[in-house]
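The values are calculated or read from the model by the stated rules, or taken from the named source; none is laboratory data. The structure presented is a predicted model; accordingly, all values stated were derived computationally and were not measured. Please note: Cβ atoms are built from the backbone with ideal geometry, for glycine as well, and neighbour counts cover all protein chains shown. With ligands, DNA and RNA removed, areas are computed over all heavy atoms of the protein, side chains included. Shrake-Rupley method; radii C 1.70, N 1.55, O 1.52, S 1.80 Å.
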Amino acid sequence: MAVICIAGAASARAETKLRVVLDWKYQAQMGMFFLAADRGYFKNEGLDVSFDQGEGAGAAAPKVASGAYDIGFGSLDSVIRLQAMKPAVAPVAVFQLYNQSPFVIAVRTQSPIKVAKDLEGRTIGGPVFDGALRLFPTFAKLAHIDGSKVKITNMAPNPRAQMLMRGDMDGAFAFRTGIYMDTKLLGAHPDKDLRFINYDDYGMDLYSNAIIVAKELITKNPKAVAGFLRALNHGIKDAVADPDAAVKSVLKREPLLNPKIERERLGLTFKFDMSGPETAKVGLGDVIDSRLKRNIDIVVDANKLQRVPKPSEVFDRRFLPPMSERVKHL
């Protein structure tokens, strides 16, 4: 009887509930999160994790800062801005998942827009929280264009690719991988039908999406932060080893997605968004301090922020898995 009671007490132990907001609607790139959940990695860490779809890379950090979520997956530049403006409530990045700059303005191949200067006098659209749109003032300054001469229009996420290909706007703010696959889903051939104005071609070699954590969670339950990253890291390695399983985890949640398209989307995410040269050096999840400092300086200067956050305020590497456990090659 005593054994039964002890076992019952252990099984009844409360798990730590974590609310997580993702950067976008459920697509293949979320497979690493869902695979970790489906295989019990979060549960093994004593965590009860719930995921919500996001509204754009720039929306996650403000949602975490507001207290609506404990953890977010979103753009690092949003963390920098919040640390500059509201350091007391600003969240902190703890795992850099996308280490290549994905930010682009996509235009149709037949468009006269070939370089950044050609954007003046044109209409460019994107969802209000899209990362590339949020970074446009920074981009405009570094690219030496007059941002006031660019008309910006907003729409819900779903019709963006259709509006671009239909000619309802001259260009679209986007993540390169996202707009590439969304136009392909419409029947387009993005390799020949699209041209990209890449932000990093104009000096914006910015880190992109990171795992963002509320300061309160770091202070009150650092073990939960470390456990979340261990579980996610396990999910990432599983997704790299078996991408079809990762896609299946997403399809469980969004069965109307096109499996073939989502499999290709995940492959592009690994190949482009997560395969920066530094991955082999520091492992997926960490950052290069000098590059992080340049990111901070670019965002602060272009947005005329009054305070320059320290790199340690923006990124906290204390919770990263050990180097031996990190992904080095994708």
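Once the principal axes of the Cα atoms of the stretch 153-234 are found, what is the range along each, listed largest first in whole angstroms?
Cα extents, longest axis first: 51, 29, 27 Å.
How many times 2.2 N^0.38 Å is the alpha carbon radius of gyration of the stretch 179-308? Intermediate values should be presented prior to the final figure.
Values: Rg = 18.1 Å, N = 130, 2.2 N^0.38 = 14.0 Å.
The value comes to 1.30.
Just how many % of Cα pairs in the stretch 106-172 lie over 13 Å apart, if you round to the nearest whole percent?
It works out to 62 percent of all Cα pairs.
Compactness ratio of the stretch 17-139: Cα Rg over 2.2 N^0.38 Å, N = residue count? Before the final figure, lay out each step's value.
Values: Rg = 17.0 Å, N = 123, 2.2 N^0.38 = 13.7 Å.
Expressed relative to 2.2 N^0.38 Å, the Cα Rg reads 1.24.
Could you state, as a whole-number percent, how many of the C-alpha pairs of the stretch 75-134 are farther apart than 19 Å? Kindly include the intermediate steps, with their values, before the conclusion.
Working: 881 of 1770 pairs.
That tail contains 50 percent of the Cα-Cα pairs.
As an exercise, use a Förster radius of 25 Å and the Cβ-Cβ distance of Ser111 and Asn158 to find the FRET efficiency, rounded to the nearest 0.05. Present the calculation step by step, with values, prior to reporting the outcome.
Working: r = 22 Å, r/R0 = 0.89.
For R0 = 25 Å, the calculated efficiency reads 0.65.
Calculated FRET efficiency, Lys215 and Asp242, Cβ-Cβ r, R0 35 Å, to nearest 0.05?
Efficiency for this residue pair is about 0.50.
Given only helices, namely DSSP H runs of n ≥ 4 each adding -39500 (n - 2.57), what is the per-residue ellipticity at 222 nm of the chain, to the nearest 500 deg cm²/dmol? All intermediate terms of the calculation are to be shown ahead of the outcome.
Values: 17 runs with 139 residues, N = 330.
-11500 deg cm²/dmol, from helical runs alone.
Using the basic label-point model (7 angstrom from Cα toward the beta carbon), what is the Ala226 to Arg318 distance in nanometres?
My value for the distance between the label points is 1.0 nm.
At a 1.4 Å probe, what is the % contribution of carbon and sulfur to the accessible area of the chain? Don't skip to the answer; put the middle values down first.
Details: 7750 of 14400 Å².
Taking all protein chains in place, the chain shows 54 percent carbon and sulfur surface.
Step through the residues of the stretch 151-156 one at a time and calculate ³J(HN,Hα) from phi using the Karplus curve (6.51 cos²θ - 1.76 cosθ + 1.60, θ = phi - 60°), rounding each to whole Hz and writing x for Gly and Pro.
7, 10, 10, 10, 8, 5
Quick check for you: with a 1.4 Å probe and neighbouring chains kept, what is the accessible area per residue of the chain, in Å²?
I get 44 Å² per residue for this part.
Under 10 Å from the Cβ of Glu254, count the other residues' Cβ atoms, weight Lys and Arg +1, Asp and Glu -1, and hand me the total. List each step's numbers first, then the result.
Numbers: positive: Lys25, Lys252, Arg253; negative: Glu262.
Net charge in that neighbourhood comes out at +2.
Out of residues 5 or more away from Gly74 or on other chains, whose amide H comes under 5 Å of its own, with H placed 1.01 Å from N in the peptide plane?
Close amide H contacts, sequence-distant or interchain: Ala210, Ile212.
Under the definition of Cα pairs under 8 Å and six or more residues apart, what whole-number percent is the relative contact order of the chain?
Numbers: 638 pairs, mean separation 90.4, N = 330.
For the chain, the relative contact order is 27 percent.
Evaluate 2.2 N^0.38 Å with N set to the residue count of the stretch 60-207, then give the Cα radius of gyration divided by it. List each step's numbers first, then the result.
Values: Rg = 15.7 Å, N = 148, 2.2 N^0.38 = 14.7 Å.
Relative to the 2.2 N^0.38 Å estimate, the stretch 60-207 comes out at 1.07.
Give me the percent of Cα-Cα pairs in the stretch 164-203 that sit more than 13 Å apart, rounded to a whole number. Can you show the working numbers first?
Details: 424 of 780 pairs.
Pairs farther apart than 13 Å: 54 percent.
For the stretch 103-112, what does the Karplus curve 6.51 cos²θ - 1.76 cosθ + 1.60, with θ = phi - 60°, yield as ³J(HN,Hα) per residue in whole Hz, taken in order and with x for Gly and Pro?
Couplings: 6, 9, 10, 8, 10, 6, 4, 6, 5, x Hz.
Order the peptides 258-265, 202-209 from the highest to the lowest mean number of other Cβ atoms within 10 Å of their residues. Can you show the working numbers first?
Working: 258-265: 17.4, 202-209: 21.6.
Most protected by this proxy first, the peptides run 202-209, 258-265.
Using the eigenvalues of the Cα gyration tensor, what equivalent ellipsoid semi-axes result for the chain when each is taken as the square root of five times the eigenvalue, whole Å, largest first?
Working: eigenvalues 239, 110, 57 Å².
Semi-axes (√(5λ), whole Å): 35, 23, 17.
Just the accessible area for Arg317, please: 1.4 Å probe, Å², rounded to the nearest 10?
That residue has around 90 Å² of solvent-accessible surface.
If I take R0 = 25 Å and measure r between the Cβ atoms of Lys151 and Asn198 in this structure, what FRET efficiency does the formula 1/(1 + (r/R0)^6) give, to the nearest 0.05? Intermediate values should be presented prior to the final figure.
On the way: r = 21 Å, r/R0 = 0.85.
Plugging the Cβ-Cβ distance into 1/(1 + (r/R0)^6) gives 0.70.
What pairs in Lys43/Lys252; Lys114/Lys192; Lys17/Lys86 have C-alpha atoms more than 24 Å from each other?
Cα-Cα > 24 Å for Lys17/Lys86; rest within.
Write down, largest first, the equivalent ellipsoid semi-axes of the stretch 275-326 in whole Å, where each equals the square root of 5 times an eigenvalue of the alpha-carbon gyration tensor.
Working: eigenvalues 130, 32, 8 Å².
Square roots of five times the eigenvalues give 25, 13, 6 Å.
With θ set to phi - 60° and the Karplus curve 6.51 cos²θ - 1.76 cosθ + 1.60, what are the ³J(HN,Hα) couplings of the stretch 230-241 in order, to the nearest whole Hz, using x for Gly and Pro?
For the stretch 230-241, the Karplus-derived couplings read 4, 5, 5, 4, 5, x, 4, 5, 5, 5, 5, 6 Hz, x marking Gly and Pro.
Taking the square root of 5 times each eigenvalue of the Cα gyration tensor, what semi-axes in Å does the equivalent ellipsoid of the stretch 241-330 have, largest first? Kindly include the intermediate steps, with their values, before the conclusion.
Values: eigenvalues 206, 67, 30 Å².
In descending order the semi-axes read 32, 18, 12 Å.
Please build a GNM for the chain, connecting alpha carbons under 10 Å apart, and tell me which residue among Asp70, Asp301, Asp182 fluctuates the most.
It is Asp301.
Residues of the stretch 54-92 with amide nitrogen under 13 Å from the 7 Å Cα-to-Cβ point of Gln306?
Answer for the stretch 54-92: 84-87.
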